[in-house]
Amino acid sequence: MNNDENILWQGRMALIKVLMCAFLNETLILLILYGVFLRYFLKCIKPQSWGLYAMLFMLIPVGIYLCNAFYMWMKARCTEYMVTDKAVYIKSGVITTTVEMKPYIDIAHVKEITSFADKVLHTGTVTFDCWNDRSDRAFAIRDISEYEKVFAFINEHQQKAFRE
């Protein structure tokens with residue numbers, strides 16, 4: 001960010017949405033199916049013969065599930081968004097940090113997206129299509145609680161940049 005820029009909005013992902021996505025996802029379904037499989041599989045084996053290996057075998061999916069949840073929390077914790085009067089900045093990355101900047105003149109379309117879960121949790125996503133971006137990945141401010149305010153800031157400054 002340059003010294004001559006004014007910060008209009010700065011924030012992070014909403015923690016409630018991150019926690020919901022971290023714990024209520026497809027990994028939970030696989031963990032439940034794995035538990036059902038183990039329950040019926042281990043009925044055939046005497047409990048005395050289970051040993052430490054069977055207990056570890058049962059705990060590996062739980063560890064994977066918890067690691068996935070921890071990674072999603074860390075990813076959200078390491079993601080920061082900033083809207084200034086000249087550009088939009090997104091800083092992200094758990095292991096390596098990437099800072100992306102898009103000036104308003106490069107933004108072609110601004111969209112506000114709210115899913116059913118977003119409506120329940122009062123969060124939303126603001127995405128932008130850029131003129132010079134050829135990648136399929138959308139430049140977006142995801143899962144924030146002030147999405148309407150951010151959408152208005154970006155839309156207003158984007159239109160102002162095209163008028164000048």
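The values are calculated or read from the model by the stated rules, or taken from the named source; none is laboratory data. Remember, predicted model here, so these are calculated numbers, not experimental data. All Cβ positions, even for glycine, are placed from backbone atoms using ideal geometry, and neighbour counts span all protein chains on display. To get the accessible areas, we keep the full protein, side chains included, count just its heavy atoms, and leave off ligands, DNA and RNA. Shrake-Rupley method; radii C 1.70, N 1.55, O 1.52, S 1.80 Å.
All but one of (1) crowded, with 18+ Cβ neighbours inside 10 Å; (2) out of contact with any helix residue (DSSP H, G or I) (no Cβ under 7 Å at 6 or more places or on another chain) hold for Val126; which doesn't?
Failed condition: (2).
Anything in segment 122-138 that is modelled with pLDDT of 90 or more and touching a strand residue (DSSP E or B) at 6+ places or on another chain (Cβ under 9 Å)? List them, or say none. Spell out the reasoning first.
Applying the first criterion (modelled with pLDDT of 90 or more) to segment 122-138 yields 122-127.
Thr123, Gly124, Thr125, Val126, Thr127 - these are the residues of segment 122-138 that are modelled with pLDDT of 90 or more and touching a strand residue (DSSP E or B) at 6+ places or on another chain (Cβ under 9 Å).
Only one of Ile141, Ile107 is more than 23 Å from Cys78 (Cα to Cα) and open to solvent by less than 20 Å² (accessible area, probe 1.4 Å); which? Break it down into steps so the answer makes sense when it comes.
Values: Ile141 fails: more than 23 Å from Cys78 (Cα to Cα).
Only one candidate passes the filter, namely Ile107.
Hey, among Ile141, Ile113, Ile105, Ile90, which residue is at pLDDT below 90 and not aromatic (Phe, Trp, Tyr)? Before the answer, list the steps.
Working: Ile141 fails: at pLDDT below 90; Ile113 fails: at pLDDT below 90; Ile90 fails: at pLDDT below 90.
None of the other options fit; the residue is Ile105.
Can you pull out the residues in segment 111-121 that are closer than 20 Å to Arg12 by Cβ and either part of a strand (DSSP E or B) or touching a strand residue (DSSP E or B) at 6+ places or on another chain (Cβ under 9 Å) (or both)?
Within segment 111-121, Glu112, Ile113, Thr114, Ser115, Asp118, Leu121 qualify.
Is at least one residue of segment 79-92 of a type in the set (A, V, I, L, M) and without any contact (Cβ under 8 Å) to a residue 40 or more places away in the chain? Don't jump to the end; show me each part of the working.
So in segment 79-92, the residues of a type in the set (A, V, I, L, M) come out as 82-83, 87-88, 90.
Retained after the next criterion (residues that are without any contact (Cβ under 8 Å) to a residue 40 or more places away in the chain): none.
Taking every residue of segment 79-92 in turn, none turns out to be of a type in the set (A, V, I, L, M) and without any contact (Cβ under 8 Å) to a residue 40 or more places away in the chain.
Any residue in segment 59-72 that is closer than 14 Å to Val18 by Cα sitting within a Cβ distance under 7 Å of a residue that is aliphatic (A, V, I, L, M) and in a helix (DSSP H, G or I)? List the pairs, counting only those 6 or more apart or interchain.
So the pair list comes out as Ala69/Ala22; Met72/Val18; Met72/Ala22.
Filter segment 59-103 down to the residues that are part of a helix (DSSP H, G or I), open to solvent by 20 Å² or more (accessible area, probe 1.4 Å) and either of a type in the set (Val, Ile, Thr) or in contact with a Lys or Arg (Cβ under 9 Å, 6 or more places away or on another chain) (or both) and list them by number.
Ile60, Val62, Ile64, Arg77
Looking at Thr97, Thr27, which one is modelled with pLDDT of 90 or more and either among the β-branched types (Val, Ile, Thr) or farther than 25 Å from Val150 by Cα (or both)?
Thr97
Out of the residues in segment 1-27 that are open to solvent by less than 50 Å² (accessible area, probe 1.4 Å) and in a helix (DSSP H, G or I), state the one that is farthest from Thr125 (Cα to Cα).
Here is the first cut: in segment 1-27, the ones open to solvent by less than 50 Å² (accessible area, probe 1.4 Å) are 5, 9, 11, 13-14, 17-18, 21-22, 25, 27.
The next check asks that each one be in a helix (DSSP H, G or I); those that pass are 17-18, 21-22, 27.
Details: Lys17: 11, Val18: 13, Cys21: 14, Ala22: 17, Thr27: 23 Å.
It comes out as Thr27.
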